[in-house]
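First up is the structure itself, then whatever we jot down about it.
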Amino acid sequence: MIENHRHFILHKPYGYLSQFVNNQTKRKKKLLGELYDFPKETMAIGRLDFSSEGLLLLTTDGKVSHEIRSSKYEKEYFVQVDGVITQEAVEKLKEGVEIGFEGKKYKTKPGKAFLIDDPKFPLRSQKIRDDRHGPTSWVSVIIREGKFRQVRKMTAAVGFPTLRLIRVRIGTLQLDNLVIGEVKEVDSFKV
């Protein structure tokens, strides 16, 4: 019997783990299965950490997951940072910066980065902070790799810690107008 695989696009909300099983015994965390009745074999393609939001692809097909996680496809993030990010810092993000990964120093591969206006996303469920703590700014960061908390580590390495991180694109797939927490089943991924 040939099984038909299923594919989903999700706007992951803040405060959810990109998984279906809670491996922590101390605290109950919100999991993806609380957002939609996914098939049992569904897996997230890549991850967004607890604090990150945005485009998350899910599938029942491990081959598709492996393909999309490869460095063939760009992943674009809109990042709100602490302070008014400088063009010099943006250039460093493009060139690659040294971050810590698995206890060692790692130089990120060159990517793309540019300043953007506030994208006016709906407020997050947990407030970030208010203007009394100083200005913030937004930058788009585009990478082809995805080390653990890489974009957050990159902005911190250039002196502008991440306050909010939203993945808006994987390949040609866009977050577009998907509402926070919305799941859309698709026939396939055209990335």
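The values are calculated or read from the model by the stated rules, or taken from the named source; none is laboratory data. Note that this is a predicted model, so its numbers are computed, not measured. As a convention, Cβ positions derive from the backbone with ideal geometry for all residues, glycine included, and neighbour counts pool all protein chains shown.
Pick from region 145-170 the residues that are modelled with pLDDT of 95 or more and either part of a loop (DSSP other than H, G, I, E, B) or of a type in the set (F, W, Y) (or both): which of them is nearest to L10 (Cα to Cα)?
Of everything passing the filter in region 145-170, P161 is nearest to L10 (Cα to Cα).
Is it the case that R149 is assigned by TED's automatic domain parsing to the domain that holds A113, surrounded by fewer than 19 Cβ atoms within 10 Å (Cβ to Cβ), over 14 Å from the mean Cα position of the chain (by Cα) and among the charged types (D, E, K, R)? Step through it out loud before you land on a result.
Numbers: assigned by TED's automatic domain parsing to the domain that holds A113: yes; surrounded by fewer than 19 Cβ atoms within 10 Å (Cβ to Cβ): yes; over 14 Å from the mean Cα position of the chain (by Cα): no; among the charged types (D, E, K, R): yes.
Criteria not met by R149.
Does F101 fit the bill of being touching a strand residue (DSSP E or B) at 6+ places or on another chain (Cβ under 8 Å) and surrounded by 12 or more Cβ atoms within 10 Å (Cβ to Cβ)? Let's see the steps before the verdict.
Working: touching a strand residue (DSSP E or B) at 6+ places or on another chain (Cβ under 8 Å): no; surrounded by 12 or more Cβ atoms within 10 Å (Cβ to Cβ): yes.
For F101, the condition - touching a strand residue (DSSP E or B) at 6+ places or on another chain (Cβ under 8 Å) and surrounded by 12 or more Cβ atoms within 10 Å (Cβ to Cβ) - is not met.
In contact (Cβ under 8 Å) with a residue 60 or more places away in the chain and of a type in the set (D, E), is that true of E145?
Working: in contact (Cβ under 8 Å) with a residue 60 or more places away in the chain: yes; of a type in the set (D, E): yes.
Considered against the rule, which asks whether it is in contact (Cβ under 8 Å) with a residue 60 or more places away in the chain and of a type in the set (D, E), E145 comes out as yes.
Could you grab me the full set of residues in region 48-73 that are under 15 Å from R149 (Cβ atoms), assigned to a loop (DSSP other than H, G, I, E, B) and either touching a residue at least 40 places away in the same chain (Cβ under 8 Å) or in the same structural domain as R124 (by TED's automatic domain parsing) (or both)? Explain how you work it out, then say what you get.
First, the residues of region 48-73 that are under 15 Å from R149 (Cβ atoms): 48-54.
When the remaining residues are screened for being assigned to a loop (DSSP other than H, G, I, E, B), the result is 48-52.
Those that are under 15 Å from R149 (Cβ atoms), assigned to a loop (DSSP other than H, G, I, E, B) and either touching a residue at least 40 places away in the same chain (Cβ under 8 Å) or in the same structural domain as R124 (by TED's automatic domain parsing) (or both): L48, D49, S51, S52.
Determine if region 161-177 includes at least one residue that is more than 24 Å from L31 (Cβ to Cβ) and buried (at least 19 other Cβ atoms within 10 Å of the Cβ). Explain how you work it out, then say what you get.
First, the residues of region 161-177 that are more than 24 Å from L31 (Cβ to Cβ): 161, 163, 169, 171-172, 174, 176-177.
Then keep just the ones that are buried (at least 19 other Cβ atoms within 10 Å of the Cβ); that gives 163, 169.
There is at least one residue in region 161-177 that is more than 24 Å from L31 (Cβ to Cβ) and buried (at least 19 other Cβ atoms within 10 Å of the Cβ).
Exactly one of these conditions fails for S125: (1) in contact (Cβ under 8 Å) with a residue 24 or more places away in the chain; (2) in contact with a strand residue (DSSP E or B) (Cβ under 9 Å, 6 or more places away or on another chain). Give me its number.
With respect to (1) in contact (Cβ under 8 Å) with a residue 24 or more places away in the chain; (2) in contact with a strand residue (DSSP E or B) (Cβ under 9 Å, 6 or more places away or on another chain), S125 is out only on (2).
Tell me which of these A89 doesn't satisfy, since it passes every other one: (1) closer than 27 Å to N177 by Cβ; (2) among the small types (G, A, S); (3) modelled with pLDDT of 95 or more.
Going through the list (1) closer than 27 Å to N177 by Cβ; (2) among the small types (G, A, S); (3) modelled with pLDDT of 95 or more, A89 breaks only (1).
I'd like the full set of residues that are at pLDDT below 95 and more than 18 Å from P122 (Cα to Cα), limited to region 49-58.
Residue satisfying the conditions is D49 alone.
Give the number of residues within region 1-42 that are modelled with pLDDT of 90 or more, more than 20 Å from E67 (Cβ to Cβ) and of a type in the set (D, E, K, R).
5
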